[in-house]
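Heads up, the thing below is written out as C-alpha cells.
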Amino acid sequence: MEKSLPLHICHVQKSTTIINRSHAFLHSIALLALIYYRASYFFRDTKTKDIPILLWLMVFGSELLLSFQWLLNQAYRWRPVSRTVFPERLPEDKELPGIDVFICTADPNKEPTLGVMNTVISAMALDYPPEKLYVYLSDDGGSPVTLQGMREAWRFARWWLPFCRTYGIKTRCPGAYFSALEDENYDSYLDTKFIAERLKIKGKYELFKEQVMKAREMGRIGDKSISTCQDHPPVVEVIHDNSTDALGVDQAEMPLLVYVSREKRPSHAHHFKAGALNVLLRVSGIISNSSYILVLDCDMYCNDPSSARQAMCFHLDPKISATLAFVQFPKKFHNLSKNDIYDGRLRSAFAVSTSWFMIYSFLFLSSIFKQVEEVLSTGGSIQTWWNEQRIWMIKSVTAYFYGTLDAILKLFGMREARFIPTNKVDDDEQIKLYQRGTFDFRTSTALLAPLVTFVILNLASFIGGISRAIIAGGMEELFGQIFLSFFFLIVNYPIINGMIVRKDRGRVPPSVTLLCVVISMIFLALGSIVLMF
Ligand SMILES: O=c1ccn([C@@H]2O[C@H](COP(=O)(O)OP(=O)(O)O[C@H]3O[C@H](CO)[C@@H](O)[C@H](O)[C@H]3O)[C@@H](O)[C@H]2O)c(=O)[nH]1
Ligand SMILES: [Mn+2]
C-alpha cells in the first residue's frame, strides 16, 4: 500500500517565535519591577507616603488588570504557526462524511432577507458533494418573508450552482460576485460563451432579487396577529420545487435545503442563537445527522468554495481528529476602506498605562514597538497601528467598561441575559463617512458619554499640566502627565474634531458634549476631594 501523504502541515514560525519570546521576557521583567515598586509602597513609612492610598490602589489595580490582560495575550504569541492544507489528498467524494450547515437569522427587518439568502446560497454552492451537504436555516423571526425567500433562493440556486461548477467561480455568494463584477473590466480576456452565460445568470439573479422584494412587500401587508418574532408556532419545511420551468440541474445535484422556525412563546426563555442552534441540532439529527456541522451567521458567507474540504483536512487526519473539536476560519470583512478607522480587521492590541519613569517609559515604548512590529509584519501600515491604538482606547472606555459592568450586575443577579441582533441594513450615509475615513458618532449617548468624557478629562489634564509646569515649574514631574494626555489627545483627535469642528449629522451632538463637560467636572471635583486625604 502506498504511504499516505499528510492532509496538512503545521509550520512553526521560528523568527516570530524568537522575537515574541524575547519581547515577552523583557516586558515581564519590567512589569515585575513595576509591581514590586507599587507593592513596596504599602510597606513604606507612613510619613513618606505622599500620594493618597486610594489613588495608589486605583492605579495599582488598573496596572494589575492590564498586566493580566497582557499575560493572557501571550498565549497566541508564544508559538505562532501557519498551516497548509492539501485538499487534493482527501479520500474520494463518496467516502467523505456529511456536513450539516447551520445558519441563524432572527429578524427580517434588521437582517435583510436578500443578504440572508446570499449566505444560504453561498453555503449550498460549497465545493462538496451535494448529496453530502445539508443546509439548514433557523429563522427566529418566524417570518413568512424568510420562508418565501428560501423558496426563491432554491429556485435561483438551480441556476447558480451549475454556473459556479462549470466555470469554477471562486466567489460563490452571488451578491458579492455580481457587485465585484461591476468594479472590474476584464471581459476582453474571456470567451463569449461565458459572458453570455454570465449575463443570463445575472438576469436570473435580478429576478430572484425582485421576487424577494415582492415577498417583503406582501409580508408587510400580511396579518401580524397570527405570529410575531416573539410568539409563533414551529415550522419545518424541506424546500423543494417541482415546477417545470427550464431546470438548471436535476434536483439530485442540489444539497438539501431546510427551513426551521422553532416555537417561541413569551413565557419561555429562547436562549437566543444558542437556543436556535440546539433546535437545529435536533431537527438535523432526524433528517441528515451528519458527523460535521458548519455554523454561519446570516451576514457571513463562504468566500472560498473549498473551505469545507479544507476543514476536512484537519478533521480526517487520524493523528489529530480524536482531540480536535472545531476548525475556525478567520473572519474576513468585505468593504473595508483602506484606512479602516473602526479597525475591523481584528488584530488584537494592548498597551500599559502611566511614573516610575524609566520603567513606565520602557513599558510604554516596549508595547508600542511590539505592536508596530506585529502590525507591519502582518502587512499593515503605521496608519493601521494608529487606528488600532485609537480603537483600543475607544473599546476600553465603552465596550469593555459596559461589558464589565454587565458581568458584575449579572453576578449579583441584577440583570438578565439580553441580546439585540446587530442591524445589518446598509446605511449609505454611514458607509460614505466610513469610506472617507470619518467617524460616525450617530449612536447612543450611553456609548458616546464615556468616550467624550475621557477626551475632556485628558484635555483638562493636558492644559492643567502645562499651566502648572509654567506657573510652578517642575516640568520633569509633570512630563508624564503632559506627555500621556497629549498622546491620548492626538490619538483621539477624530473625537475632538467631532465635538468641535464638524458640523455634519455624524458629529458628536453638542448636547452630549455639554453633558460630558458636567460629568468631567464632577470627576475632577471628586479627584480633588480624594487628593485632600
Ligand atoms: O435570538 C437570536 C439572536 C441572534 N441570532 C443570530 O445570531 C447571529 C449573531 O447575531 P448578531 O446580531 O450578528 O451579533 P454579533 O454581535 O454580530 O455576533 C457576534 O457575536 C455573537 C455572540 O457572541 C456570535 O454568536 C457571532 O458569531 C458573532 O459574529 C445572527 O445570525 C443572528 O441572526 C439568533 O438566531 N437568535
Ligand atoms: Mn454579526
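Values for this structure:
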| quantity | calculated |
| --- | --- |
| Burial ranking of peptide ranges 85-95, 387-397, 319-329 (average Cβ count within 10 Å, highest at the top) | 387-397, 85-95, 319-329 |
| 10 Å-binned pair-distance histogram of the chain (Cα, whole percent) | 3, 13, 21, 23, 19, 12, 6, 2, 0, 0 |
| Under-5 Å amide H pairs with Val101, H placed in peptide plane, nonlocal only | Tyr134, Val135, Tyr136, Leu294 |
| Per-residue ³J(HN,Hα) for the range 324-334, Karplus 6.51 cos²θ - 1.76 cosθ + 1.60, θ = phi - 60°, Hz, x for Gly and Pro | 9, 8, 8, 10, 10, 8, x, 6, 10, 9, 9 |
| Alpha-carbon centroids, the range 416-464 and the range 51-80: separation in whole Å | 26 |
| Entries in Lys14/Lys94; Lys132/Lys332; Lys110/Lys370; Lys332/Lys410; Lys94/Lys264 that, when Cα-Cα distance is taken, lie over 28 Å | Lys14/Lys94; Lys110/Lys370; Lys332/Lys410; Lys94/Lys264 |
| Mean residue ellipticity (222 nm) of the chain, computed from DSSP H runs ≥ 4 via -39,500 (n - 2.57), nearest 500 | -17500 deg cm²/dmol |
| Under-5 Å amide H pairs with Lys264, H placed in peptide plane, nonlocal only | His232 |
| Packing-based ranking, highest mean first, of 21-28, 376-383 given that Cβ atoms within 10 Å are counted | 21-28, 376-383 |
| Net charge of Cβ neighbours under 14 Å - reference Ile359; Lys, Arg +1; Asp, Glu -1 | 0 |
| Accessible solvent surface per residue of the range 100-315, calculated while the other protein chains remain in place, 1.4 angstrom probe, Å² | 48 |
| Computed over the range 271-346, Kirkwood Rh from alpha-carbon pairs, angstrom | 15.3 |
| Net +/- balance of residues flanking Val327 in space, Cβ distance below 12 Å, scoring K and R +1, D and E -1 | +1 |
| The range 376-504, accessible area per residue, ligands and nucleic acids excluded (1.4 Å, Å²) | 59 |
| Burial ranking of peptide ranges 444-451, 291-298 (average Cβ count within 10 Å, highest at the top) | 291-298, 444-451 |
| Computed label-point distance, nm, for sites Asp299 and Ile522 using a 7 Å Cα→Cβ extension | 3.2 |
| Karplus (6.51, -1.76, 1.60) ³J(HN,Hα), θ = phi - 60°, over the range 274-281, in Hz, Gly and Pro reported as x | 4, x, 5, 5, 4, 5, 4, 4 |
| Lys424 - accessible surface, heavy atoms, 1.4 Å probe, Å² rounded to 10 | 60 |
| Alpha-carbon Rg/Rh ratio, for the range 421-533, with Rh computed the Kirkwood way | 1.07 |
| Normalised convex hull volume, the range 47-114, alpha-carbon set, Å³ per residue | 266 |
| Net charge contributed by nearby residues that have their C-beta within less than 10 Å of Leu161 (K/R +1, D/E -1) | +2 |
| Hydrodynamic radius by Kirkwood, which averages 1/r over all alpha carbon pairs of the range 13-165, in angstrom | 21.7 |
| Angstrom value of the Kirkwood radius, inverse mean 1/r, which spans all Cα pairs in the range 100-315 | 18.0 |
| Sulfur and carbon atoms: percent of accessible area, the chain [1.4 Å] | 64 |
| The range 421-533, relative contact order [Cα under 8 Å, separation at least 6], % | 35 |
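The values are calculated or read from the model by the stated rules, or taken from the named source; none is laboratory data. These numbers were taken from a predicted model, which means no experiment stands behind them. Cβ: placed from backbone, ideal geometry, glycine included. Neighbour counts: every protein chain shown. Ligands, DNA and RNA are excluded from the accessible area calculation, which covers all protein heavy atoms including side chains. Shrake-Rupley method; radii C 1.70, N 1.55, O 1.52, S 1.80 Å.
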